[in-house]
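The values are calculated or read from the model by the stated rules, or taken from the named source; none is laboratory data. Every value quoted in this text rests on a predicted model; they were computed, and no experiment measured them. Heads up, the Cβs are rebuilt from the backbone with ideal geometry, glycines too, and the neighbour counts pull from every protein chain shown. Please note that ligands, DNA and RNA were not included when accessible areas were found on the heavy atoms of the full protein model with its side chains. Shrake-Rupley method; radii C 1.70, N 1.55, O 1.52, S 1.80 Å.
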Amino acid sequence: MKVKQISIFLENKSGRLAQVTRVLGDNGINIRALAIADTTDFGILRLIVNDPDRAYRVLKEAGFTVSATDVIAVEVVDEPGGLAMVLAVLQEANLNIEYLYAFLQKASKAALVVFRVEQLDDAIAALQAKGIRILSGEEVYAL
Amino acid sequence: MYWDREHETMSREQLRALQLERLQLTIERVYRNVPFYRQRFTEMGIKPSSIRSLEDLRRLPFTTKQDLRDNYPFGLFAVPMSDVVRVHASSGTTGKPTVVGYTRNDINTWAELIARSLVCAGATKFDVVQNAYGYGLFTGGLGLHFGAERLGATVVPVSGGNTQRQLMLMQDFGTTILTCTPSYALYMAEEGQKMGLDFKKLPLKAGIFGAEPWSERMRRQLEEKLDLMALDIYGLSEIMGPGVAMECPAKQGMHIFEDHFIPEIINPDTGEVLPPGEEGELVITTITKEAFPLIRYRTRDITRIDPEPCSCGRTHVRIKRITGRSDDMLIIRGVNVFPSQVESVLLEFGETEPHYLLVVDRKANLDYLEIWVEVAEHMFSDTVRKLEDLEQRLRERIESILGISARVKLVEPNTIPRSEGKAKRVVDRRQI
């Protein structure tokens, strides 16, 4: 039920993001979803890719500070109130969201939201109890 | 004008005789009371009776900052603690400071030498001395303070910072002598200008600026902007504090008070004593201190000695402006900073050898320190909050160790240039 996300530390200077994507491209790794959190000095690039283990390795070899983190990918109905319902479940379970980002699936009516929470297993249990679909890593990488 | 005409203008011959007598007493005192020195001398086959002339001084071993650290806190004191009336300390490289002690006589000597320095700058008991050096363990504040009182001047013990208030007091109290770091004085000048303060209308006549290196360019700026005579003062806590040497209005270097300190210039790499006029590392032997005498202390300050007679009539030789350091110490806002102090903090936070760089800049006459730290994998987190938390914890820890605030900037691995051999830890961008 967990999806491996690759996070990369980036200084805020031009060309760094391009370099990451080039390394991935050269190694035939496809990006499924991407989000950047930035501050004045640095940013954290978060990626869902088709082959996280290899992405981790090639980025590390290219000299980046990389980490792999478990996140969950939740299917949210692509209509008003869809995300609100999922968030309500997590709130009721008293689970704090570190961050989230969303992406749309191709040719489907559902959106995917990636959540990073501290108590991952509790979140999975709470969401599943409400019948919310959580995608497995394999499903997400293969999208 | 002299405070102590007898000692300040004594003939070289008399001075040398006095120095030898005091040196011999000091050697005897440390031999008797400081195990560290007794052992060092014994190893080299030296007894107090071996010191028969001033030239014999160069047979003695050097004392280094490391020796002070190894004997932390009171191991080099030459008197029982009951005779120590005050301690001061400078920042240490691993969080432990360098501690120095003073007997009542030492404090008295210090006050005398500061009074001498103030008079050298033209001060009298009618002056109002605004002392903006920091008070506390740092020697600047209290050192200047007691000397100004000794002179009988009116002391305003305002300490550093709070520039608006400094400027208000300067106007309201009719400050005539300003004592602080030169960069802070320039900062005050510019803040005053912004407020529309006309320094030409203030009674300021002299500024005694020290605790950090400065230049003729800064002197011109200070003199122009503050409308005073800007003079350099030298000292270091290990030797005493400010008042080891003082510039006279001839502005040709600082007279080192040779009736209390014997200066030498050495080649920092070989330890060889260099002839007068050559640039090298200043080594000082104290010859009157009771609590904390130091034999051939390596100051790490690079300068040269000018033995030419001075137009002011003082016979003590002058040391020229400090042009640098023979180690990697930085002076930032008057505070001594060693890269190794930063390194020790970084080691606390991570288990690997950190790569870091200290970047120093001067903006609007204030020094800014930025510490670049390469984010190693074990320090990296995918949440901004944790990285910002890391930055803050580093910042707080560094501030508590260094005593000054620094901006911590996390950078990508391998972005700090590697050099072969000794790592380059400092980029000093200040235009002094």
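To the nearest 10 degrees, how steeply does helix A:120-129 sit against the main Cα axis of chain A, on a 0 to 90 scale?
For A:120-129 against chain A, the angle is about 40 degrees.
Where nothing but the Cβ of Lys and Arg (+1) and of Asp and Glu (-1) is charged, how large is the charge dipole of the protein assembly as shown around its Cα centre, in debye to the nearest 20? Each step should come with its number before you reach the end.
Details: 71 positive and 78 negative charges, 183 e Å.
In debye, rounded to 20, the protein assembly as shown gives about 880.
Compute the separation of the alpha-carbon centres of region A:1-63 and region B:302-366 and state it in Å as a whole number.
The two parts, judged by their Cα centres, are 42 Å apart.
Only Cα pairs under 8 Å and at least 6 apart count here; give the relative contact order of chain A as a rounded whole percent.
On the way: 249 pairs, mean separation 40.5, N = 143.
Normalised by residue count, the contact order of chain A is 28 percent.
Which residue fluctuates most in the GNM of chain B (Cα springs below 10 Å): B:Ser344, B:Ser53, B:Ser82?
Ranking B:Ser344, B:Ser53, B:Ser82 by mean-square fluctuation puts B:Ser82 first.
Give, rounded to the nearest 20 debye, the magnitude of the charge dipole that region A:3-77 has about its Cα centre when Lys and Arg contribute +1 at Cβ and Asp and Glu contribute -1 at Cβ. Intermediate results must be reported in sequence, preceding the final value.
On the way: 9 positive and 9 negative charges, 29 e Å.
For region A:3-77, the charge dipole is close to 140 debye.
With unit charges on the beta carbons (Lys and Arg positive, Asp and Glu negative) and the dipole taken about the Cα centre of the protein assembly as shown, which residue among B:Phe257, B:Ala291, B:Asn131 sits farthest to the positive side?
With unit charges placed on the Cβ atoms, the residue in question is B:Phe257.
Ballpark to the nearest 100 Å², how much total accessible area do B and A bury together, probe 1.4 Å? Working shown, then result.
Working: alone 18850 and 7860 Å², together 24860 Å².
About 1800 Å² of accessible surface is lost on pairing.
What does the charge dipole of region A:71-142 about its Cα centre add up to, to the nearest 20 debye, if the Cβ of each Lys and Arg holds +1 and the Cβ of each Asp and Glu holds -1?
Values: 5 positive and 10 negative charges, 46 e Å.
The calculation lands at about 220 debye.
Counting only heavy atoms of protein chains, what accessible area per residue, in Å², does region B:335-428 have with a probe of 1.4 Å?
On the way: 4340 Å² over 94 residues.
Value returned for region B:335-428: 46 Å² of accessible area per residue.
Report the calculated FRET efficiency for B:Asn33 and B:Arg220 (r = Cβ-Cβ distance, R0 = 56 Å), to the nearest 0.05. Could the numbers behind the result be given before it?
Working: r = 48 Å, r/R0 = 0.85.
Once rounded, the FRET efficiency stands at 0.75.
Note the angle between two axes, namely the Cα long axis of helix A:16-26 and the longest principal axis of the Cα atoms of chain A, as a number of degrees from 0 to 90, rounded to the nearest 10.
That helix lies at roughly 90 degrees to the long axis.
Which loop chymotrypsin sites (Phe, Trp or Tyr not before Pro) in region B:1-32, with loop taken from DSSP, have no more than 10 other Cβ atoms within 10 angstrom of their Cβ?
Sparse-neighbourhood loop chymotrypsin sites (Phe, Trp or Tyr not before Pro): none present.
Of the cross-linked pairs B:Lys251/B:Lys424; B:Lys65/B:Lys363; B:Lys363/B:Lys386; B:Lys205/B:Lys320; B:Lys320/B:Lys424; B:Lys125/B:Lys363, which ones have a Cα-Cα span greater than 25 Å in the structure shown?
Working: B:Lys251/B:Lys424 35 Å; B:Lys65/B:Lys363 31 Å; B:Lys363/B:Lys386 30 Å; B:Lys205/B:Lys320 23 Å; B:Lys320/B:Lys424 27 Å; B:Lys125/B:Lys363 36 Å.
Over 25 Å apart, Cα to Cα: B:Lys251/B:Lys424; B:Lys65/B:Lys363; B:Lys363/B:Lys386; B:Lys320/B:Lys424; B:Lys125/B:Lys363.
Just how many pairs of Lys in chain A have C-alpha atoms closer than 23 Å, counting pairs that are eight or more places apart or on different chains? Don't jump to the answer; show the numbers that get you there.
Working: A:Lys2/A:Lys60; A:Lys2/A:Lys106; A:Lys2/A:Lys109; A:Lys2/A:Lys130; A:Lys4/A:Lys60; A:Lys4/A:Lys106; A:Lys13/A:Lys60; A:Lys109/A:Lys130.
Within chain A, the lysine pair count is 8.
Sequence gap at least 6, Cα distance under 8 Å: using those rules, report the relative contact order of chain B to the nearest whole percent. Please report the intermediate quantities before stating the final value.
Details: 854 pairs, mean separation 62.8, N = 432.
It comes to 15 percent, rounded to a whole number.
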